[in-house]
Amino acid sequence: MIFLKTDDEIEVLRENNLIVAKALAEVAKLIAPGVSTLDLDKRAEEYIRDNGAVPSFLNYNGFPNSICASINEQVVHGIPSAKTILKDGDVISIDCGAYKNGFHSDSAYTFCVGDVKEEVRLLLQTTKESLYLGIEQAVEGKRIGDIGFAVQQHCEKNGFSVVREMVGHGVGRHLHEEPEVPNYGRRSNGLKLKSGMVIAVEPMVNLGSRDILIERDGWTCRTVDRKPSAHFEHTIAIRKGKADILSSFDYIEQVLGH
Ligand code: MG
Ligand code: MG
C-alpha cells in the first residue's frame, strides 16, 4: 500500500529531514582520523534528541544505534563501535533518520577521512551525481524504472557497479514503506509516480563488483571483493515537473567547505 502525503504531512517530513541534515553536519564536524564510529553515533543521537525527535534507526528491527556507519568496503548498515576508529584514507557512509510528530526521515552521505585515493573520490562524486540524476526523473507521470535507469546509467558509464539487493523506499509514518526504489531499471517501467508520494532515493555504488554479503553480526553489508562502496540518500516528495528534496546536504557541505 502506498500512502500519498498531504501538503501538511510533507512539511512535517521536511522538518524531520532538516533535523537529520543538521545531525549529519554535526557528525561531519567530528569526522577525522582517530575518532570512533560510536563517537559519531552519540553526537547524532544527542542532536536528534535535543531537537525533540527520536532516532528512527535505534531499535529498528533490533538495530542497536542511531546511525549506520559503514566504512570502506561496508556498503550500508555498519554498526557503530568504540573499537572502530577512523583512519586517514577511509571513506565512511553515515545514514541517519529522525522521528517526530508521527513521521520518519532518512538521509545518508559518504565522507572522506583525510587523504582519500583519487579513484575512491571519483566513486563518491559519481554516486552523488547519480542520486541527483535519479531525482531529476522523480516527477509525476514518470515511473520508478526511470529513476533506477538514470542512476545505473551514470554509475556504469563511469566504470562502477550498482548494488541490486538494497533499494530505496517510501518514507512516512513508517521508516520503510512501499514502493521499493531500485537503483537499476528500465526506462518507462514500473510503478507510475504520483504527486504526494514521498520516497528515499539512495544509490549504493561499488568500485569493483556489485556483489555484496551480510556479515555475521546480521547487519553489516559489505562488498564481496572488499573494494570500497559509496552511499548517498535524499528523501524527496514527488511533484509535477520537479521533485521537492526534503533532506539537504547544504549543512554538511558548509562544514566540509565545499
Ligand atoms: Mg537511510
Ligand atoms: Mg533509506
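A few remarks follow.
- Residue within the range 190-207 that is assigned to a loop (DSSP other than H, G, I, E, B), within 21 Å of LYS5 (Cβ to Cβ) and among the polar types (S, T, N, Q) present: yes
- In the range 220-255, the residues that are of a type in the set (A, V, I, L, M) and in contact (Cβ under 8 Å) with a residue 40 or more places away in the chain: ALA230, ILE236, ALA237, ILE238, ALA243, ILE245, LEU246, ILE252, VAL255
- Taking (1) out of contact with any Pro (no Cβ under 6 Å at 6 or more places or on another chain); (2) at positive phi in turn, ALA53 satisfies each apart from (2).
- Within the set ILE94, ILE199, ILE147, the sole residue that is within 16 Å of ligand 2 (Cβ to nearest atom), more than 20 Å from ILE238 (Cβ to Cβ), buried (at least 24 other Cβ atoms within 10 Å of the Cβ) and of a type outside the set (Ser, Thr, Tyr) turns out to be ILE94.
- Residue pairs meeting the criteria (Cβ under 6 Å; at least 6 apart or on separate chains; first closer than 15 Å to ILE236 by Cβ, in the range 113-139; second among the charged types (D, E, K, R) and surrounded by 21 or more Cβ atoms within 10 Å (Cβ to Cβ)): GLN137/ASP146
- Filtered residue count, the range 108-127, keeping only those that are within 16 Å of ligand 1 (Cβ to nearest atom) and either small (Gly, Ala, Ser) or over 22 Å from ASP88 (Cβ atoms) (or both): 1
- Single residue of GLY170, GLY185 found to be small (Gly, Ala, Ser) and under 16 Å from the mean Cα position of the chain (by Cα): GLY170
- ALA32 under 19 Å from TYR251 (Cβ atoms), within 14 Å of the chain's Cα centre (by Cα) and not β-branched (Val, Ile, Thr): no
- Residue identified as in a loop (DSSP other than H, G, I, E, B) and within 15 Å of ligand 1 (Cβ to nearest atom) among SER70, SER81, SER105: SER105
- For the range 224-231, the condition holds for at least one residue, the condition being that it is under 21 Å from CYS96 (Cα atoms), of a type in the set (Ser, Thr, Tyr) and surrounded by 23 or more Cβ atoms within 10 Å (Cβ to Cβ).
- Meets criteria (modelled with pLDDT of 95 or more and within 16 Å of ligand 2 (Cβ to nearest atom)) for VAL205: yes
The values are calculated or read from the model by the stated rules, or taken from the named source; none is laboratory data. Quick caveat: nothing in here was measured; it's all calculated off a predicted structure. Backbone-built Cβ (ideal geometry, glycine too); neighbour counts: all protein chains shown.
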